[in-house]
1. For the range 38-53, name all the residues that are among the charged types (D, E, K, R) and surrounded by fewer than 19 Cβ atoms within 10 Å (Cβ to Cβ).
2. Just one of (1) surrounded by fewer than 17 Cβ atoms within 10 Å (Cβ to Cβ); (2) assigned to a helix (DSSP H, G or I); (3) in contact with a Lys or Arg (Cβ under 8 Å, 6 or more places away or on another chain) trips up Gly64, so point out which.
3. Considering each of Ala219, Ala182, Ala239 in turn, give the residue that is modelled with pLDDT under 95 and of a type in the set (Gly, Ala, Ser).
4. Filter the range 121-159 down to residues that are surrounded by 15 or more Cβ atoms within 10 Å (Cβ to Cβ), in a helix (DSSP H, G or I), in contact (Cβ under 8 Å) with a residue 40 or more places away in the chain and of a type outside the set (D, E, K, R), then give me how many there are.
5. Inspect the range 97-108 for any residue being more than 30 Å from Met155 (Cβ to Cβ) and either aromatic (Phe, Trp, Tyr) or crowded, with 22+ Cβ neighbours inside 10 Å (or both) and give the result as yes or no.
6. Of all residues being crowded, with 22+ Cβ neighbours inside 10 Å, among the hydrophobic types (A, V, I, L, M, F, W, C) and under 10 Å from the mean Cα position of the chain (by Cα) in the range 160-183, which is farthest from Val96 (Cα to Cα)? Just the residue, please.
7. What residue, among those in the range 215-234 that are assigned to a helix (DSSP H, G or I) and of a type in the set (Asp, Glu), is surrounded by the most Cβ atoms within 10 Å (Cβ to Cβ)?
8. Tyr16 is checked against (1) of a type in the set (Ser, Thr, Tyr); (2) buried (at least 16 other Cβ atoms within 10 Å of the Cβ); (3) under 26 Å from Pro241 (Cα atoms) and fails just one. What number does that condition carry?
Amino acid sequence: MARGFHEPGDKPRRFYGAVSVAPMNGGFTVMLDGRGLRGPKGAPTVLPTQALAELVAEEWAGQGETLELAAMAATRLANTALESVPQAREATARQVADYAGADLLCYRAEGPVGLAARQAERWDPILARARAELGLAFIPAVGIVHQPQPPETLMAVEALALGLGDFALTGLAFGVPLFGSAVLALGLMRGWFTPQEAFDLSRLDEAWQEEKWGIDEEAAERTQRLRGEAILLGRWFAALPL
């Protein structure tokens, strides 16, 4: 039986050599030295598509002498989709709706004028598309004071989330806090923009500050890490039959 994410210690040693993908139980799994990958609770890691299994396999194949578990985002998402989300679908969908209630795209800067204009130029078309294609009507506001969103909008977001399969819902729940926006996460899932574009849209304020004051090294490292997570999420959605 191949071990999964239950190795002791912060950096367990790599315990396998060859990594491959094989059919299993109507889906696909990752094989480590010919043995199927299992999740933390011991259940087989069965992914719904070969592309998703290959995405997880890529992480395992890319490990060195020790396993960098913190860097294996696709594996964590797979474990969450298989072992956590099925028992917590309603709660997960509510969390997505809660983020929509304070969606980044609805909070506009009071100044400077250039930043406010950039936000309107980049974000207004996305909110318009969310209304036209998903029936989601959001109310933008200026400043940081909370702007309540229409209850019917939040109910619609929750319904959209609940209508997804476990793997898509897991990705959506991962993307919403990553972007600070349910709209951006939904848009990425539906192919409105690339992962890079979604990430850039989520950090207009940070980019503006960097243009004015330069880039802090520590902040740049964090940005690069989050950008990588956005790209991974885009690949996750692309591997699903949405």
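1. Correct list: Lys41 only.
2. (2)
3. Ala219
4. Adding up the residues that qualify gives 8.
5. Among the residues of the range 97-108, not one is more than 30 Å from Met155 (Cβ to Cβ) and either aromatic (Phe, Trp, Tyr) or crowded, with 22+ Cβ neighbours inside 10 Å (or both), which makes the answer no.
6. Phe179
7. Glu229
8. Failed condition: (3).
The values are calculated or read from the model by the stated rules, or taken from the named source; none is laboratory data. Bear in mind the structure is a predicted one, so any value in this text is a computation, not a measurement. Reconstructed Cβ throughout: ideal geometry from the backbone, glycine too, with neighbour counts over all protein chains shown.
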